[in-house]
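Every number here is computed from the coordinates shown, using simple stated rules; none is lab data. Computed from a predicted model, the values in this text were never measured in an experiment. Positions of Cβ are backbone-derived with ideal geometry, glycine not excepted, and every protein chain shown enters the neighbour counts.
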Amino acid sequence: MAPFEAEKYEHKIQLKRQEIELQFKREERAKRKRNLKFKERELKMQLQAQQQREEREAQMQREREQLQFELRKLELQNARPVPAPRESVLQFRIGKAVKLIPKFTDHDIETFLIFFRRSRLSIISRKRNTRLFCRPMR
């Protein structure tokens, strides 16, 4: 019976070794799973932190642009237009203007009067035409 018991004992030892190995593998698997979860959480936190940082930077940029806009608006409101330096303003003088007009000949005077009468007649006829359309309704 001794050999049978030795085999039995050896068999128990092998079973115990296999159980220990199996337990070790389970613990390793659980440890890897915890590490993966930890790394996943860490990556999520890093991603959230990066997103928050980007949002803060974008918000700061928008605020900076808004402040620059308001500053420029205030500058424009407070800016007073500076009048351009006036050069000596020439006054219209009839005496000098008359000297600039060339002398009319008899023919020029007749032509001028003809054109003047025509333009006067056209103005009068335009006034008559507008009066027809502008009469108040009764």
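Distance between the modelled labels on LYS37 and ARG17, one decimal in nanometres: 3.4 nm (7 Å Cα→Cβ projection). FRET efficiency for the ARG117 to ALA97 pair, using the beta carbon distance and R₀ = 35 Å, is estimated at 0.90. Here LYS39 is the anchor, and the lysines within straight C-alpha reach of less than 30 Å, apart from those fewer than 8 places off in the same chain, are LYS25, LYS31. Shown in residue order for the range 102-116 are the 3J(HN,Hα) couplings computed by the Karplus curve 6.51 cos²θ - 1.76 cosθ + 1.60 at θ = phi - 60°: x, 6, 7, 8, 4, 5, 5, 5, 4, 4, 4, 5, 4, 5, 5 Hz (x for Gly and Pro).
For LYS16, the shell of other residues with beta-carbons less than 13 Å away shows a net charge of 0, using +1 for Lys and Arg and -1 for Asp and Glu.
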